Structures are given as C-alpha cells and as structure tokens.
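Encoded as structure tokens, the structure appears first; notes follow it.
The values are calculated or read from the model by the stated rules, or taken from the named source; none is laboratory data. Small disclaimer: the values here were computed from a predicted structure and weren't measured. Here the Cβ positions follow ideal geometry from the backbone for every residue, glycine too, while neighbour counts run over all protein chains shown. Please note that ligands, DNA and RNA were not included when accessible areas were found on the heavy atoms of the full protein model with its side chains. Shrake-Rupley method; radii C 1.70, N 1.55, O 1.52, S 1.80 Å.
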Protein chains: 2
Amino acid sequence: MTRPAPPDDPTRSAALARLDAHYRGMPPVAALRMAIDGYDGDALRLSAPLSAHVNDKGCAFGGSLGSLLTLAGWGLVQLRLEAAGIDADIFVADSRVRFRAPLHDDLLAVARLADPAAWSGFIAALAARGRGRIQVEGVVPLADGGEAATLDASFAAIVR
Amino acid sequence: MTRPAPPDDPTRSAALARLDAHYRGMPPVAALRMAIDGYDGDALRLSAPLSAHVNDKGCAFGGSLGSLLTLAGWGLVQLRLEAAGIDADIFVADSRVRFRAPLHDDLLAVARLADPAAWSGFIAALAARGRGRIQVEGVVPLADGGEAATLDASFAAIVR
C-alpha cells in the first residue's frame with residue numbers, strides 16, 4: 001500500500017501510484033510484499049514485513065535487505081527521471097551492500113542520491129548521448145538510530 | 001529439488017539435503033523458488049526459474065541475481081564448515097554485485113572461495129577466537145559464455 005501523499009501534492013501522489021503499480025508488475029518484487037512508505041522528493045522509503053524476510057537466525061535475510069535497497073534506489077531514479085519528463089529504462093549496474101548489524105524488526109530501506117549535484121550532469125548525459133549513470137546511496141535504519149545495512153549503487157539509464 | 005549426488009557420495013548427498021531443508025525453512029528463500037543445482041566440493045550451484053524473477057524489461061531482476069549469488073556463497077561456506085565439523089552461524093558481511101549484461105534465461109548462480117588457500121586461516125580463526133571471515137566469489141553465467149553478474153562477498157562465521 002502506498003501511504004497517501006499530502007492532498008496538496010496530486011502530482012507526486014500520482015507518480016507514487018504509478019511506481020507502486022510498476023513494482024507490483026514484477027513477480028520477484030511482488031513476492032517481497034513491500035510497500036512505498038514515503039517520498040519527499042529527495043528520499044524514497046520502502047518497507048516490508050520481517051515475517052516475509054526472516055532468515056534461519058530470526059533476523060532479516062541479507063538478500064532481502066539488498067533487494068529492498070536496490071528497489072528503493074531504482075524507484076528513486078525512476079521518480080526523478082519521470083519528474084524531469086524523461087522516459088528511460090533504468091538498470092542497476094553495480095551495488096555494494098555492507099551488513100552492519102542484525103535487524104529484528106520490519107524492513108525499511110531509504111534511498112537518496114549520493115551527490116545531488118551530480119543530477120544535472122546525469123540529465124545532460126541522457127540528453128546528449130541517450131544514456132548515463134548516477135550514484136545512489138541507501139540505508140536500512142535500526143530502531144535505535146544505528147544501521148542494519150548500507151548501499152552504494154550505480155544505476156544506468158537508457159532513454160527509450 | 002536437489003539434483004541427486006552420485007551414488008558413491010552419500011555424505012555429500014546428505015549434506016545437500018540438509019542445506020536444501022535449511023534454505024526452504026527461510027520464507028524469503030522459499031519465495032525465490034530456487035534449487036540446488038550441484039556441488040562438486042569447490043563450487044555450489046543454485047538455480048531459479050526466470051518466470052519468478054522477471055523484471056519490467058523481461059529480463060532477470062537485479063535484486064534476484066544478488067539474492068541467489070548471496071545464497072550460493074552462504075551455502076558454500078555452510079557446506080564447507082559442516083564438512084570440517086564446525087557448527088557456526090554464517091552471515092553475509094559485505095557483498096558487491098556487478099551487473100554486466102541482461103539475463104533472459106533461467107538463473108544460475110555459482111559460488112566458490114575467492115582464495116582456497118585462505119580456508120585454513122579461516123578455520124584457525126574460528127578455532128582460536130570463535131569467529132572469522134572468508135571471501136567468496138560468484139558468477140551468474142550467460143548461455144553464450146559471458147557473465148550476467150558477478151559477486152565479491154565476505155562472510156562472517158561465529159561458532160555456536
């Protein structure tokens with residue numbers, strides 16, 4: 001389920017509904033039982049229940065954290081490109097996940113641009129060559145303020 | 001399903017059956033619809049149907065490739081530790097996945113030790129301090145001999 005956007009932002013609400021439908025159209029993503037938890041224009045938040053992602057040690061499976069982080073990064077680039085009026089296929093090119101502490105709660109993954117100043121160069125590359133790359137960083141926070149996992153990822157976009 | 005081991009290797013066959021049960025006991029792994037494709041003592045192979053992992057572009061979802069590679073690495077360390085008579089919890093500590101080409105076929109992930117000579121030091125660390133780390137490398141091969149994705153990962157083990 002998508003958390004409702006503020007009533008004064010129908011454009012963003014519609015964009016999140018499209019992203020949600022996009023996610024749900026992919027069988028492996030539907031299997032994650034994830035939801036869009038929020039988007040403020042900078043950070044995209046995805047959540048998923050621990051019960052669907054518990055490993056043999058009773059905490060969250062590392063592969064699930066990696067998938068949720070990757071999807072948050074992918075969705076962030078998708079939302080920002082759509083807002084810029086660019087229709088592109090987006091692929092994860094490189095992802096590094098560091099697992100820092102076990103997570104015993106529901107999963108939350110938060111993704112943002114690693115360097116917001118790099119966005120204009122990404123858009124310029126897409127306009128000039130039809131393809132470009134952008135770095136995204138992500139985190140799965142712990143309830144106590146620590147981090148269960150962090151992501152450093154590169155996404156490639158190819159204009160359709 | 002586990003591919004039957006050769007009839008002359010009942011120990012390995014039993015170990016693969018235990019690993020298979022271990023995988024299936026984890027809800028997020030069961031959702032991947034994966035299977036143990038083989039183990040020769042050096043490389044563990046896991047497979048999964050493309051239909052369960054297809055993304056919005058008709059090829060394999062990057063997060064699924066990362067999960068399958070991570071599970072292959074985890075299973076490899078599990079099998080080798082069990083063969084060494086060591087009962088330990090195994091965690092992925094750090095994983096880097098490079099996505100090199102789209103995969104339009106069923107998924108296969110193959111994991112082996114990055115440096116087989118490092119194994120004895122890993123076992124020594126577990127014996128001396130009850131914990132240790134080992135590097136694993138993995139690949140999702142393409143039918144044409146290329147690579148869809150590669151993994152460089154570090155796994156931590158803590159003796160139970």
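Name the single residue that is farthest from residue A:116 (Cα to Cα) among those in segment A:57-77 being facing chain B (nearest Cβ under 7 Å) and under 14 Å from the mean Cα position of the chain (by Cα).
A:64
Given the conditions (1) of a type outside the set (D, E, K, R); (2) open to solvent by less than 80 Å² (accessible area, probe 1.4 Å); (3) at pLDDT below 90, and given that residue A:11 satisfies all but one, which numbered condition is not satisfied?
Exception for residue A:11: condition (2).
For (1) touching a Gly at 6+ places or on another chain (Cβ under 8 Å); (2) more than 20 Å from residue A:29 (Cα to Cα); (3) assigned to a loop (DSSP other than H, G, I, E, B); (4) free of Cβ contacts under 8 Å to residues at least 40 places away in the same chain, each residue gets a yes or a no:
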| site | (1), (2), (3), (4) |
| --- | --- |
| A:82 | no, yes, no, no |
| A:101 | yes, yes, yes, no |
| A:118 | no, yes, no, yes |
| A:127 | no, yes, no, yes |
| A:138 | yes, no, no, no |
| A:143 | no, yes, yes, yes |
| A:148 | no, yes, no, no |
| A:151 | yes, no, no, no |
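Condition test on residue B:126, is it surrounded by 15 or more Cβ atoms within 10 Å (Cβ to Cβ) and within 14 Å of another protein chain (Cβ to nearest Cβ)?
Details: surrounded by 15 or more Cβ atoms within 10 Å (Cβ to Cβ): yes; within 14 Å of another protein chain (Cβ to nearest Cβ): no.
Here the answer is no, as residue B:126 does not meet what is asked.
Which one of these is buried (at least 17 other Cβ atoms within 10 Å of the Cβ), over 24 Å from residue B:54 (Cβ atoms) and over 16 Å from the mean Cα position of the chain (by Cα): A:113, A:142?
A:142
Quick check on my filter: what residues within segment B:78-102 are aliphatic (A, V, I, L, M) and either under 22 Å from residue A:148 (Cα atoms) or within 9 Å of chain A (Cβ to nearest Cβ) (or both)? Quick ask: steps written out before the conclusion?
Initially, segment B:78-102 is screened for residues aliphatic (A, V, I, L, M), giving B:79, B:81, B:83-84, B:86, B:88, B:90, B:92-93, B:97, B:101.
Matches in segment B:78-102: B:88, B:90, B:92, B:93, B:97.
What residue, among those in segment B:34-56 that are over 16 Å from residue B:140 (Cβ atoms) and either out of contact with any Leu (no Cβ under 8 Å at 6 or more places or on another chain) or facing another protein chain (nearest Cβ under 7 Å) (or both), is surrounded by the most Cβ atoms within 10 Å (Cβ to Cβ)?
B:56
Those residues that are of a type in the set (Phe, Trp, Tyr) and open to solvent by less than 40 Å² (accessible area, probe 1.4 Å), I need them from segment B:66-98; list them, please.
B:74
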